[in-house]
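Undergrad: Sharing a structure below in structure tokens format, with a few things to ask.
The values are calculated or read from the model by the stated rules, or taken from the named source; none is laboratory data. Quantities reported herein were computed from a predicted structural model and do not represent experimental measurements. Backbone-built Cβ (ideal geometry, glycine too); neighbour counts: all protein chains shown. Calculation scope for accessible area: heavy atoms of the full protein, side chains included, ligands and nucleic acids excluded. Shrake-Rupley method; radii C 1.70, N 1.55, O 1.52, S 1.80 Å.
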Amino acid sequence: MIGQEEFIVDLLISRGVITNEQVEDAKKKMAEGDEDSVLNALYALRIITEQQVMRVLGDEYGMETYDFDSAKQHVPEQIIAMIPNQIALRYHMVPLSFANGILKVAMSDPADIESLDAVRHLTGLDVEGVLTPQRQLERALEFYYKREDATDILQEVTETTTDVTLASTTDSTMDATQDATQDATIDSDGKNSNDIAPIIRYVSLVIIEAFRSRASDIHLEPLEKKFRVRYRIDGVLNEVEAPPKYLQNKILSRLKLMSGMDLSEHRIPQDGRIRITAMGRDLDLRVSDIPCTHGESIVMRILDKSGVMLGIGELGFMQDDQDLIYKILQMPDGIFLVTGPTGSGKTTSLYSFLHELNQPTRKIITAEDPVEYELSGINQVQVNTDVGLTFAAALRAMLRQAPNIIMVGEIRDSETGSIAINAALTGHLVFSTLHTNDAPSAITRLIDMGIKPFLVASSLRAIMAQRLVRRLCKHCKKEHIVTESEMQGLDITPEYVAKSTFMEPAGCSECNKGYRGRMGIYEIFMLDPEVENMIYQKADAGVIARHARSHGMRNLRDDGIRKAAMGITSINEVLRLTVSE
């Protein structure tokens, strides 16, 4: 709780609106992961309302307040027209009225004097701020101001003869990566002052809208009769308005140029990278291009560094699992494996663990394919199989660097696995990933690769399987009546349901069909002497899993059920991503 929020909370306490005890209750709720700030926790606990906060701030700053929700009529169009679209969206202000030469505008931050001055300068009017809740202001901006629409841009494409595939440079020999860097600075309205061609603006808009929508991936897929565009939001693909099929090649060429790919090559897969500044944030896009039947399919993974610099407590661990993780991280040596399918959050978890361990007294080296995020203070090696720099080769070289901690992006073969195990046996703490469905299966997977059982038993310390479930939107989730079939599917009793708070999605302007964001569900398996004996005897994964369960290990479904019982996620999410035993 820092800066403006700390000031507001102190102000509310001094005015007698809330008490210190209520603030402590809000902090506890925030610590549980339900809310991202003390103020939001106070709202969720119904201790105060946003309108109350606005009134207190209005008194403090001598400003009027305005409630869009209780307004009896819309703001007249001639008033809205007094502040252009671009200015309103940039400075987050909505005009309310104009009288006696003064234009009153709704704003949510009373201390934002600079924005008021900027709007005064840009409009040439005497502007006066009126306080309104942030959420109401966002809805008003969406209602009164229409951002540039993809349909409008594509309509413009059909009316121009600009050769957009040449980008915005007259020097055809310019390096594609340099060109992409020059024209990839995008304003919050999706425009680039250097890019006037509609295709260039459309590509920029696709990226900006994906970021606004919290998408992790952008899929551009050439089908037989259409060119499909989809965003993956919270792990689920959502189709958006697509451009005409005949623009497919121009759009793909633009993206290949921005990402430094060979424009003339259409027969083999290519990989590239785009670095842009969007809405004040530095983003990397990892671009994959693969030839398909009806053209080239491009997928862009949006790499937002803020998404992986999470503390361990923000990943979704319950307190008991969090204690286990800290215990594992304090081990001096051994292997800690994270398993799960592609897109299950393994990289985010590993980076969070490394961030926790990253201290000046430790040397940390990673081997990754690719290096998705650059971490300060950590030596990261990019695997390059074309020149012989495989995981195994990188790992051998890393051991000569005298590291304390090693992270290998993935154990793909027996050579990499054997070197990682030898590193663990010689006093290194090793992190890596495997593609298995659950934690105990990682043991049999290593043995199947050809690694000797006694080496697995003596080096492996712990295994964590994980999946990502969608969080229910805190603004619209509602109580869920658990059905008999759901109780049977989850193997829970009516007594368990009675003492739980199961919720379901509803859907509102703040979320995507009732969900907003994701969190992990985890299965943490600590090896003990009995398990080591089972590994020596080459016991199958089922036997090991039953032993682990009998000794207190929660599987993925168990962790999902308890988070659904707390109203954090839904029963459907748990059933969708986990299997019963």
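Undergrad: Of the conditions (1) in a helix (DSSP H, G or I); (2) open to solvent by 40 Å² or more (accessible area, probe 1.4 Å), Gly560 fails just one. Which one is it?
TA: Going through the list (1) in a helix (DSSP H, G or I); (2) open to solvent by 40 Å² or more (accessible area, probe 1.4 Å), Gly560 breaks only (2).
Undergrad: Also, quick follow-up: Test Glu581 against the stated conditions and say whether it is open to solvent by 40 Å² or more (accessible area, probe 1.4 Å) and either at pLDDT 95 or above or farther than 23 Å from Leu324 by Cβ (or both). Please lay out each step first, then the result.
TA: Numbers: open to solvent by 40 Å² or more (accessible area, probe 1.4 Å): yes; either at pLDDT 95 or above or farther than 23 Å from Leu324 by Cβ (or both): no.
Here the answer is no, as Glu581 does not meet what is asked.
Undergrad: I'm told Lys538 meets every condition in (1) part of a strand (DSSP E or B); (2) out of contact with any Leu (no Cβ under 7 Å at 6 or more places or on another chain) except one. Can you identify the failing condition by its number?
TA: (1)
For every residue, the table says whether it meets (1) modelled with pLDDT of 90 or more; (2) under 21 Å from Met449 (Cβ atoms); (3) touching an Asp or Glu at 6+ places or on another chain (Cβ under 6 Å).
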residue: Asp321; (1), (2), (3): yes, no, no
residue: Ile325; (1), (2), (3): yes, no, no
residue: His355; (1), (2), (3): no, no, no
residue: Pro360; (1), (2), (3): no, no, no
residue: Glu374; (1), (2), (3): no, no, no
residue: Gly409; (1), (2), (3): no, yes, yes
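Undergrad: Could you tell me how many of the residues in segment 1-48 are at pLDDT 80 or above, under 28 Å from Arg471 (Cα atoms) and among the small types (Gly, Ala, Ser)?
TA: So the count comes out to 3.
Undergrad: Name the residues in segment 332-355 that are outside any helix (DSSP H, G or I), crowded, with 18+ Cβ neighbours inside 10 Å and either within 15 Å of the chain's Cα centre (by Cα) or not β-branched (Val, Ile, Thr) (or both), would you? Explain how you work it out, then say what you get.
TA: Residues of segment 332-355 outside any helix (DSSP H, G or I): 332-345.
The next check asks that each one be crowded, with 18+ Cβ neighbours inside 10 Å; those that pass are 334-340, 344-345.
Those that are outside any helix (DSSP H, G or I), crowded, with 18+ Cβ neighbours inside 10 Å and either within 15 Å of the chain's Cα centre (by Cα) or not β-branched (Val, Ile, Thr) (or both): Gly334, Phe336, Leu337, Gly340, Ser344, Gly345.
Undergrad: Can you name the residue in segment 39-93 that is assigned to a loop (DSSP other than H, G, I, E, B) and of a type in the set (Asp, Glu) and is also least open to solvent (accessible area, probe 1.4 Å) among such residues?
TA: Step by step, filter segment 39-93, then rank; the result is Asp67.
Undergrad: Any residue that is at pLDDT 50 or above, over 30 Å from Met54 (Cα atoms) and either of a type in the set (Asp, Glu) or part of a loop (DSSP other than H, G, I, E, B) (or both) - is there at least one of those in segment 162-169? Before the answer, list the steps.
TA: First pass over segment 162-169, keeping only residues at pLDDT 50 or above: none.
Taking every residue of segment 162-169 in turn, none turns out to be at pLDDT 50 or above, over 30 Å from Met54 (Cα atoms) and either of a type in the set (Asp, Glu) or part of a loop (DSSP other than H, G, I, E, B) (or both).
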